[in-house]
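The values are calculated or read from the model by the stated rules, or taken from the named source; none is laboratory data. Keep in mind that what you see is a predicted model, and the values were worked out from it rather than measured. Cβ sites come from the backbone with ideal geometry, for glycine too, and all protein chains shown count toward neighbours. Please note that ligands, DNA and RNA were not included when accessible areas were found on the heavy atoms of the full protein model with its side chains. Shrake-Rupley method; radii C 1.70, N 1.55, O 1.52, S 1.80 Å.
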Amino acid sequence: MKIAVVRETAPGETRVAASPETVKKFIGLGAEVAVESGAGEAASVPDAEYEAAGATVGPRDKLLGDADIILAINGPDAGTLAGAKSGALLVGALDPMRRREAIDAYAGAGLEALAMEWMPRITRAQSMDILSSQSNLAGYKAVVDGAAVYGRAFPMMMTAAGTVSAARVFVMGVGVAGLQAIATARRLGAQVSATDVRSATKEQIQSLGAKPIFVENVAGIEGEGSGGYATEMSEEYQKAQAELVSGHIAKQDIVITTALIPGRPAPRLISDAQLASMRPGSVVVDLAADAGGNVEGCVPGENVVKHGVTIIGATNLARSLAADSSALFSRNLFNFLSAFWDKDQGKLVLPDDDEIVKAIRLTQGGKVVSERLLGA
Ligand code: NAD
């Protein structure tokens, strides 16, 4: 099987869908790998490293023609894949809900599109989950970016000139990104507290040495929604949460918000009045900026100062750690493809009835086949 790795063209994209390590591993499975010239440049991987790993490097039109599998971070426009053969697989973060026309175009071009972000949340698929691998890095970077803007130090320091007190960090939303944000803030020496609607997170917060701040009088999500995701909370819960947050937030220096509800706008967790209660110089990093924001007044991709508080509208933080985010994304792709690699036949076999295949396959045989997409 021939695998082609395309260079990303989306503005601001720095990542690449294969690393020299995964190139070697694909070759170990018996595949041939071709990488588009310059594909790894922004992730600090020169063409020569791909060549040393055993890949050929060349312009896109030279690699697409005989590729059986095309690997990408973002879904390329179908027009830029002209020349790819019918039946070739396109694997990446294809953003199916927001790029429906592009998905139809993949079907029209005879490509079999596989959306990695729709990987089901089952144990077997954990190592293939691009949302987790990228969110983990984003959680780390949110704290580092917040610390860079914060005009004070994170750890308590006792110096001859006097004592610097520890920063107080509050993490709202304790999924993959939130857990890494807690761990990172703790490593930097901050006093950390955190909240979520899923009661299972309480123990996780404590195990990282942070203080759980939870609505106690109204029930949260005990058993969790499907796949461990949260669902929208009742009005009563939202009111209780707002009161709890109001009391807590005025004493915080850095707030990291990561709360998301699949298929819904991000829940509003911090109002303008709550921002105004924080001390000037405080920083709020809103990781839900792209999904509408957890913080009132947040602008995606920008730093906005309100009441002396900087709101960082964090978008695509994983891109700012291009080498690591590429390495992890690449491994997710390899883990997925290698799990379906038939060693005897020396090729990829995707069974129609497999839970993973059913969840991520968008197009096949010239048609959109994803039930989720057709039902949307
Ligand atoms: P996410 O990005 O969808 O949401 C982030 C967090 O925000 C979640 O913890 C959610 O409960 C929380 N949240 C939503 N509404 C909120 C509100 N109003 N107030 C406060 N918090 C709110 O979640 P995620 O990071 O993708 O992870 C969610 C869960 O799924 C975790 O338990 C994670 O371990 C699990 N997970 C499992 C797998 C797998 O098994 N393959 C893969 C990834 C994640």
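Some points to look at:
Residues are listed down the side, and each one gets a yes or a no for (1) away from the ligand (no atom under 15 Å from the Cβ); (2) more than 18 Å from S135 (Cβ to Cβ); (3) open to solvent by 30 Å² or more (accessible area, probe 1.4 Å):
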| site | (1), (2), (3) |
| --- | --- |
| A166 | yes, yes, no |
| V176 | no, no, yes |
| L179 | no, no, yes |
| A183 | no, no, no |
| T195 | no, no, no |
| I205 | no, no, no |
| I221 | no, yes, no |
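- Scanning segment 136-151 finds no residues that are surrounded by fewer than 21 Cβ atoms within 10 Å (Cβ to Cβ), in a loop (DSSP other than H, G, I, E, B), at pLDDT below 95 and within 12 Å of the ligand (Cβ to nearest atom).
- V304 vs. criteria open to solvent by 20 Å² or more (accessible area, probe 1.4 Å), away from the ligand (no atom under 16 Å from the Cβ), touching a Leu at 6+ places or on another chain (Cβ under 8 Å) and more than 25 Å from E21 (Cβ to Cβ): no
- Residues (within 16 Å of the ligand (Cβ to nearest atom) and open to solvent by less than 60 Å² (accessible area, probe 1.4 Å)) located in segment 76-111: A93, D95
- Here R198, R268, R186 are screened, and the one residue that is more than 21 Å from the chain's Cα centre (by Cα) and of a type outside the set (F, W, Y) is R186.
- Verdict on V299 being under 17 Å from V171 (Cβ atoms), more than 16 Å from the ligand (Cβ to nearest atom) and in contact with a strand residue (DSSP E or B) (Cβ under 7 Å, 6 or more places away or on another chain): no
The rows are residues; the columns are (1) buried (at least 22 other Cβ atoms within 10 Å of the Cβ); (2) more than 26 Å from G178 (Cα to Cα); (3) of a type in the set (A, V, I, L, M).
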position	(1), (2), (3)
G308	no, no, no
I312	yes, no, yes
Q345	no, yes, no
G365	no, yes, no
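- Restricting attention to segment 112-135 and to residues that are of a type in the set (D, E, K, R) and open to solvent by less than 40 Å² (accessible area, probe 1.4 Å), the residue that is nearest to the ligand (Cβ to nearest atom) turns out to be D129.
- Residue count for segment 7-32, restricted to those that are open to solvent by less than 10 Å² (accessible area, probe 1.4 Å) and closer than 20 Å to P76 by Cβ: 6.
- Among strands (runs of 3 or more DSSP E) entirely within segment 217-312, having at least 2 residues that are in contact with a Phe, Trp or Tyr (Cβ under 7 Å, 6 or more places away or on another chain) singles out 254-257.
- Number of positions in segment 226-259 that are acidic (D, E), modelled with pLDDT under 95 and more than 10 Å from the ligand (Cβ to nearest atom): 3
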